[in-house]
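Beneath this line is the structure, given in structure tokens, with notes to follow.
None of the figures in this text is laboratory data; all of them are computed from the coordinates on show. These figures come from a predicted structure and were not determined experimentally. Here the Cβ is made from the backbone with ideal geometry for all residues, glycine too, and neighbour counts use every protein chain on show.
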Amino acid sequence: MPPRPPAEIGAPLAQIETPALVIDLDLFERNLAAMAEALAGSRVRLRPHGKAHKCPEIARRQMAAGAVGLCCQKVSEAEVFVAAGIPDVLLTNEVVDVRKLQRLADLSRTARIGLCVDGPAQVDRLAQALAGRDATLYVLIEIDVGQGRCGMAVSPDIVSLATAIGRVPGLTFGGLQAYHGKAQHLREPEARRAAIADAVERARIAKAMLEGAGIPCPVISGAGTGTFRLELASGLYTELQAGSYALMDADYARNTLDGPIFAHALTLHATVISTAVPGQAVLDVGYKGAAVDSGPPVPVSPQAEVIGMSDEHTILRQPARKPLAVRDRVVLVPGHVDPTVNLHDWFVGVRDGHVEALWPISARGAGL
Ligand SMILES: *Cc1c(COP(=O)(O)O)cnc(C)c1O
């Protein structure tokens, strides 16, 4: 059980204990609706990435808004989502520990479960894990479409790997994962367009190689919040994996967008605990409550400048017009949603100035 929540249902905003991750439910629902609208009339399905929120309640709402299933990055996340009733989970990553693969195999008796491989070594591990087990997993071959992380280069080796997958009892070859994570954060629309055009071309070649060898390739899965409209328009991708769109963060706000903008549904609420040093206001949240890999959280209400951070503190320059006082609340937009969420146990859902929902972040943690 997670520790007790930072608020009670019905409490006004001022009674939320800080630091707390707060979801504006109106904006959150609007983000889900905006994504559903973007996909309406297309055969492309949404498979939102659960690593952004790690929260079964959000996953259920995404399914209710039309998602075909969820993505996750860790076996522990898949276990939480399947236990929460999500019927179809794709682990968009490589897994090589036989015990972990057996946990995935066990999940496949309750839900449809897929994962990625990018070479024969992972298929060998899967064969070991599934030997003598009543389980079926579908496998996507991850190809490198520019991310330069996991993913095999597009070559005829893809055909031999798909054939090898098909020979392992319990495994089905499902198609390709073609995710270009770096493209999400290219600031200019033109740069993102060029990156995804290249990714689409590589995926097209890979698919043609498979089909040329008589191997159907029903799924091409990829895309994130920064580029999903491009993959959607490609005519090639069948599934979009966007995750951050539901909550958003300050880093995504730095992209120059070429379509409707998702709202900052997620904020981090903090309290001023000291103004003893002239010119400064010190908040009760630091690195242990806010990830800084994409820069510090951005104070938006009131607007202020972060001039320092440590484990449990964030130092703001006192706003000139209206200096902050001890006990004042400050609302910040997290720099990067995924690693920030991972530091917290609860989302506090608010509407009309009051707490309406408390959602445990059940899959938080480094994750086995
Ligand atoms: C993180 C991730 C996504 C989602 O990206 P967002 O930027 O959060 O929308 C999709 N696919 C994979 C493989 C990822 O790792």
Helix-only CD estimate at 222 nm, as mean residue ellipticity for the chain, using -39500 (n - 2.57) per DSSP H run (n ≥ 4) = -8500 deg cm²/dmol
Compute the length gained on full extension between V277 and D311: take 0.36 nm times their separation in residues and subtract their Cα-Cα distance, giving the result in nm to one decimal.
-> 10.4 nm
Show me 328-338, 96-106 ranked by packing, highest mean number of other Cβ atoms within 10 Å first.
-> 328-338, 96-106
Counting other beta carbons within 10 Å of each Cβ, put K322, K54 in order, fewest first.
-> K322, K54
Reachable aspartates and glutamates from K322, Cα under 15 Å, same-chain residues fewer than 8 places away excluded?
-> E305
For the chain, the convex hull over Cα atoms projects on average to an area in nm² of 18.7 nm²
Per residue, what volume in Å³ does the Cα convex hull of the stretch 1-56 take up?
-> 121 Å³
Determine Rg/Rh for the stretch 170-211; Rg is computed over alpha-carbon atoms and Rh is the Kirkwood hydrodynamic estimate from the same atoms.
-> 1.12
Among K74, K288, what is the fewest-to-most ranking by other Cβ atoms within 10 Å?
-> K288, K74
Length gained, A121-A34, 0.36 nm per residue minus C-alpha separation, equals 27.3 nm
Suppose every K and R has +1 on its Cβ and every D and E has -1 on its Cβ; what is the size of the dipole of the stretch 225-368 about the Cα centre, in Debye to the nearest 20?
-> 480 debye
Rank by packing, highest mean first: peptides 131-143, 241-253, 263-275, with packing defined as the count of other Cβ atoms within 10 Å averaged across residues.
-> 241-253, 263-275, 131-143
For K74, which lysines qualify as cross-link partners when the Cα separation must be under 17 Å and same-chain residues fewer than eight apart are set aside?
-> K51, K54, K100
Work out Dmax and Rg for the stretch 182-318 from the C-alpha atoms and quote the Rg first, both in angstrom.
-> 20.7, 72
Kirkwood Rh (inverse of mean 1/r, distinct Cα pairs), the stretch 96-206, angstrom = 14.9 Å
One can check that the equivalent ellipsoid of the stretch 79-134, built from the alpha-carbon gyration tensor with semi-axes equal to the square roots of five times its eigenvalues, has lengths in Å, largest first, of 19, 13, 8
Scoring only Lys, Arg, Asp and Glu (+1, +1, -1, -1) among other residues with Cβ under 12 Å from the Cβ of D24 yields -2
Descending semi-axes in Å of the stretch 286-338, equivalent ellipsoid built from Cα gyration tensor = 19, 11, 10
